[in-house]
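Asks: Can you read through this structure? Questions will come right after.
The values are calculated or read from the model by the stated rules, or taken from the named source; none is laboratory data. Just so it is clear, the model here is predicted, and its values are computed rather than measured. Because the Cβ atoms are built from the backbone with ideal geometry, glycine has one as well, and the counts that use them run over all protein chains shown. Note: accessible area is taken over every heavy atom of the protein model, side chains too, but ligands, DNA and RNA are not part of it. Shrake-Rupley method; radii C 1.70, N 1.55, O 1.52, S 1.80 Å.
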Protein chains: 2
Amino acid sequence: MRAGEEAEAVAPAEADRTKSTRRRMTSSTGRPRSEEAHQAILDATLALLGEVGYSALTVEGVAQRAGVGKATIYRRWSSKLPLVVEAFSALPGFEDVDAGSLEHDLKETLRKYLEAFNSTALGTVFPSLAGERAHNPELSKLIEPVARARREPFVRIFERARARGEISSDVDIDLAADLVVGPISVTLFFRGGSLSPRMVDPLVDLALKGILKRG
Amino acid sequence: MRAGEEAEAVAPAEADRTKSTRRRMTSSTGRPRSEEAHQAILDATLALLGEVGYSALTVEGVAQRAGVGKATIYRRWSSKLPLVVEAFSALPGFEDVDAGSLEHDLKETLRKYLEAFNSTALGTVFPSLAGERAHNPELSKLIEPVARARREPFVRIFERARARGEISSDVDIDLAADLVVGPISVTLFFRGGSLSPRMVDPLVDLALKGILKRG
DNA sequence: GGATTACGATACAGTACGTTCCGTAATCAA
DNA sequence: TTGATTACGGAACGTACTGTATCGTAATCC
């Protein structure tokens, strides 16, 4: 461990170099950290994450893309792991829509979510991270609470619908949520792109009414 | 291009080193290629693909895992790309079940498919490849026809059901298929493992009957 | 204005990869 | 049986790239 001097400059409780985000010890003196560089680093991280994936993502690549020195990154994040987690956490999740109708709320939330997929790095970052999670327990552990929080407003829509009596009480809420999001997941992972908000209406209609012809 | 001598030993039509699988020119003389080594290489590829992912997969790692020399691999595949494609192609896909009932056929096919997920490398390989496809057009292009062929028997179940009148003619078959497979995709990519065949019945029931309470 | 910290750039050491070569083993033709 | 040919596992070589450490400069506080 030859990085003693640097390591002593981070908060002791976060000395684990594989997980922590670094902070300044004394905050009132010296040149302040550049907020522009900070944001540029996070933006570059998301862009590269979508372009080359997590494994091929390197701190050097992020530094070049962001136009900063590598030291500027290592001064804030101990490795690419916490850097990626923080960058991902800043991406938008589901919005909590509550207009009193399951069908309406689902369509509204999903439409906005798919628009976010097309207008942010979400659409490219998501598959990369999901694929990496499968064989990276450390990343999986750190991403899981973030992913769960992003999903929560969506699940809440179903809970309210069940409270209103729109859904039978013996229906598994999580399964129902997976059923609605499922086709988006399939489209995202098994075909490339084409996540148009126009797919929302037929998707929600089919999930709510069922595949079988009603008799 | 310093590999002139080697390159001349492959079929001319497959000289593109990034995509082709190599073949012997003269097949009747000399020591024959080891079928054991061939299979060991494919097995090692699948195992490592699940453990470290596509980006971190190296020919050197495959050679060590398979207990063969690196030259033995390069003699057959020009790079890890065609190696991975061939290894993936050998994994089981959906079985075509036809017992005359949509509900029965779906449950039967999915149960067998999920069993394959748990008993083969499928469960770990799939997320890795899907994540890589998002930012690797070359891999995506080669995997796509394989993935489509694997999915086809599943779609055919829906087509037969529509011909029997179980499904309304205005239902999008592909969307219906995505709806049924969707929760499996979500479970696989967003949570780890836990792909029990026990989830099949409630999943199919909900997808066929719909989330909304019938009235 | 002196001390302190952050900045971008760069030099360095270590790792790891793909490629190639080696001696040996297995098969076919004569 | 012998010679020619190809495949085999193992290892050496050169290269590319990464994380770390260092340097001179810039910005802020006391």
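Asks: In peptide B:133-140, how many Cβ atoms from other protein chains are near each Cβ within 10 Å, on average?
Replies: Mean inter-chain Cβ contacts per residue within 10 Å come to 5.
Asks: Same structure again: Per the 1.4 Å probe, what fraction of the accessible area of the protein assembly as shown, in percent, lies on carbon and sulfur atoms?
Replies: Here it works out to 51 percent.
Asks: Sticking with this one: At what distance in angstrom do the alpha carbon centres of region A:117-192 and region B:100-117 lie from each other?
Replies: 24 Å
Asks: Additional query: Work out how much length B:Arg23 to B:Asp205 would gain on full extension: take 0.36 nm times their residue separation and subtract the Cα-Cα distance, in nm to one decimal.
Replies: Using 0.36 nm per residue and subtracting the Cα-Cα distance, I get 60.6 nm.
Asks: Also, quick follow-up: Tell me whether region B:111-208 comes out rounded, prolate or oblate; compute the Cα gyration tensor, take square roots of the eigenvalues as a ≥ b ≥ c, and use a/c under 1.5 as the rounded threshold.
Replies: Since a/c reaches 1.5 but b/c is at least a/b, the shape of region B:111-208 is classed as oblate.
Asks: Let me ask something additional. At 7 Å along the Cα-to-beta-carbon direction for both B:Glu115 and B:Arg148, put a label point, then send me their distance in nm to one decimal.
Replies: It is 3.0 nm.
Asks: Within 10 Å of each Cβ in peptide B:44-54, how many partner chain Cβ atoms are there on average? Round it to a whole number, please.
Replies: Mean partner-chain Cβ count within 10 Å for B:44-54: 2.
Asks: Counting only the backbone N, which residues of region B:120-151 are under 11 Å from the spot 7 Å out from the Cα of B:Gln64 toward its beta-carbon?
Replies: Those under the cut-off are none; the list is empty.
Asks: Describe numerically, in nm with one decimal, the distance between label points set 7 Å from Cα along Cα→Cβ at B:Arg75 and at A:His104.
Replies: Spacing of the two 7 Å Cα→Cβ label points: 7.1 nm.
Asks: Write down the accessible area per residue of chain A in Å², having rolled a 1.4 Å probe over the full set of protein chains.
Replies: Each residue of chain A exposes 49 Å² on average to a 1.4 Å probe.
Asks: Once you sort the root eigenvalues of the Cα gyration tensor of the protein assembly as shown as a ≥ b ≥ c, which label holds: rounded (a/c under 1.5), prolate (a/b larger than b/c) or oblate (the other case)?
Replies: Here the protein assembly as shown falls in the oblate category.
Asks: For a label point 7 Å from the Cα of B:Ser89 along Cα→C-beta, name the residues of region B:140-163 whose backbone N is under 16 Å from it.
Replies: It comes to B:140-151, nothing else.
Asks: Lysines near A:Lys141 by alpha-carbon distance under 29 Å, same-chain residues fewer than 8 away left out - which ones?
Replies: The reachable lysines, counting only those whose Cα sits under 29 Å from A:Lys141, are A:Lys19, A:Lys70, A:Lys80, A:Lys112.
Asks: List, in order, the whole-Hz ³J(HN,Hα) value for each residue of region B:55-64 obtained from phi through the Karplus relation with A = 6.51, B = -1.76, C = 1.60 and θ = phi - 60°; use x for Gly and Pro.
Replies: Computed from phi, the couplings for region B:55-64 are 4, 7, 6, 10, 5, 4, x, 4, 4, 4 Hz.
Asks: In deg cm²/dmol, rounded to 500, what helix-only [θ] at 222 nm does chain B give when every DSSP H run of at least 4 residues adds -39500 (n - 2.57) and the total is split over its residues?
Replies: Result for chain B, helices only: -19500 deg cm²/dmol.
Asks: Same structure, new question: Apply 1/(1 + (r/R0)^6) to the Cβ-Cβ distance of A:Ser34 and A:Glu138, taking R0 = 41 Å, and write down the FRET efficiency to the nearest 0.05.
Replies: 0.90
Asks: Nearest 100 Å² is fine: what is the total accessible surface buried where chains A and B meet, probe 1.4 Å?
Replies: Using a 1.4 Å probe on protein heavy atoms, the buried area is about 4000 Å².
Asks: So, one more: Ignore the peptide's own chain and count Cβ atoms of other chains within 10 Å of each Cβ in B:122-132; give me the average, rounded.
Replies: Mean shielding by partner chains, rounded to a whole number: 5.
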